[in-house]
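See structure below.
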Amino acid sequence: MASSRTQQTDPLSAIRARVAEVLADAGVGAQSTLMLGFSGGLDSTVLLHVLAGLRQQMPFELSAHHVHHGASPNADAWAEACTRQCAALDVPLAVSRITVEPRAGEGWEAAARRLRHAAWRGQPVQWWVTAHHRDDQAETVLFRLFRGAGVHGAAAMRAVDRRAGSPGRLRPLLGGSRAALAAAGEAAGLRWFEDESNADQR
């Protein structure tokens with residue numbers, strides 16, 4: 001009975017178990033270095049807290065990286081909030097400022113992703129960790145299909161994505177939905193911010 005009460009009072013326990021399983025599948029251990037792409041939104045905030053807690057049972061080295069796109073009047077406040085959150089959890093944070101200028105035929109989101117990854121490459125780590133969830137997975141597959149990527153090009157993202165000669169990618173939240181993350185984050189009393197551009201369907 002006591003253990004069931006403990007589980008009920010730990011809203012992040014199920015998410016923590018899934019994340020630990022993905023990290024174990026990737027062979028993450030004492031010599032592993034992980035860098036979380038930390039936006040300060042719901043998804044990455046939940047993942048930051050889960051990863052910070054997992055360091056006790058899986059002694060990997062964790063850092064975070066926030067990319068300041070400068071596209072919102074709230075961008076400075078978001079960077080400051082990310083800095084405070086990481087400091088409270090003793091997670092080193094790097095902040096990079098970029099100016100998104102799309103190339104010919106490139107959308108804003110694609111340009112931002114390209115520049116974000118370029119900024120991340122300056123961090124000497126073995127794994128990039130991102131907070132993609134099941135809803136992102138479905139959106140990615142549909143987007144690729146609409147662009148005519150074909151069966152192979154439309155392949156879904158993988159939770160563990162090893163890449164020769166570059167940091168591997170870990171997406172340990174792919175098994176869950178955004179709604180589940182929101183419910184767990186609210187129950188745990190976590191605080192995050194919402195990017196107003198997410199409401200823009202363009």
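The values are calculated or read from the model by the stated rules, or taken from the named source; none is laboratory data. These figures come from a predicted structure and were not determined experimentally. Don't worry about glycine lacking a Cβ; one is built from the backbone with ideal geometry, like all the others, and counts go over all protein chains shown. Note: areas computed on protein heavy atoms with side chains; ligands, DNA, RNA excluded. Shrake-Rupley method; radii C 1.70, N 1.55, O 1.52, S 1.80 Å.
Go through the range 157-170 and give me each residue that's modelled with pLDDT under 80 and open to solvent by 50 Å² or more (accessible area, probe 1.4 Å). Before you say what the answer is, go through the steps one by one.
Step one: filter the range 157-170 for residues modelled with pLDDT under 80, giving 157, 164-165.
Matches in the range 157-170: Ala164, Gly165.
The criterion of being open to solvent by 40 Å² or more (accessible area, probe 1.4 Å), of a type outside the set (Phe, Trp, Tyr), more than 25 Å from Asn74 (Cα to Cα) and at pLDDT 85 or above does not hold for Arg147.
Taking Thr33, is it over 18 Å from Glu186 (Cα atoms), of a type in the set (S, T, N, Q) and surrounded by 15 or more Cβ atoms within 10 Å (Cβ to Cβ)? Break it down stepwise before answering.
Details: over 18 Å from Glu186 (Cα atoms): yes; of a type in the set (S, T, N, Q): yes; surrounded by 15 or more Cβ atoms within 10 Å (Cβ to Cβ): yes.
Yes: the conditions hold for Thr33.
On the basis of being surrounded by 16 or more Cβ atoms within 10 Å (Cβ to Cβ), in a loop (DSSP other than H, G, I, E, B) and within 15 Å of the chain's Cα centre (by Cα), does His132 make the cut? Taking the combined requirement at face value, the residue satisfies it.
Just to check your reading of the model, which residue among Gly70, Gly122 is at positive phi and in contact (Cβ under 8 Å) with a residue 12 or more places away in the chain?
Working: Gly122 fails: at positive phi.
Going through Gly70, Gly122 in turn, just one is at positive phi and in contact (Cβ under 8 Å) with a residue 12 or more places away in the chain: Gly70.
When only residues in the range 1-29 that are modelled with pLDDT of 90 or more and outside any helix (DSSP H, G or I) count, which is farthest from His133 (Cα to Cα)? Here the answer is Gly29. Only one of the listed residues (Gly40, Gly122, Gly105, Gly70) is part of a loop (DSSP other than H, G, I, E, B), touching a Cys at 6+ places or on another chain (Cβ under 6 Å) and of a type outside the set (S, T, N, Q). That residue is Gly40.
Could you list, in sequence order, the residues of the range 47-67 that are in a loop (DSSP other than H, G, I, E, B) and either in contact with a strand residue (DSSP E or B) (Cβ under 7 Å, 6 or more places away or on another chain) or open to solvent by 30 Å² or more (accessible area, probe 1.4 Å) (or both)?
Taking the range 47-67 as the starting set, the residues that turn out to be in a loop (DSSP other than H, G, I, E, B) are 55-60.
If the condition is that a residue be in a loop (DSSP other than H, G, I, E, B) and either in contact with a strand residue (DSSP E or B) (Cβ under 7 Å, 6 or more places away or on another chain) or open to solvent by 30 Å² or more (accessible area, probe 1.4 Å) (or both), then Arg55, Gln56, Gln57, Pro59, Phe60 are the ones that fit.
Residue count for the range 70-108 under the criterion of being surrounded by fewer than 14 Cβ atoms within 10 Å (Cβ to Cβ) and closer than 24 Å to Leu34 by Cα: the result is 7.
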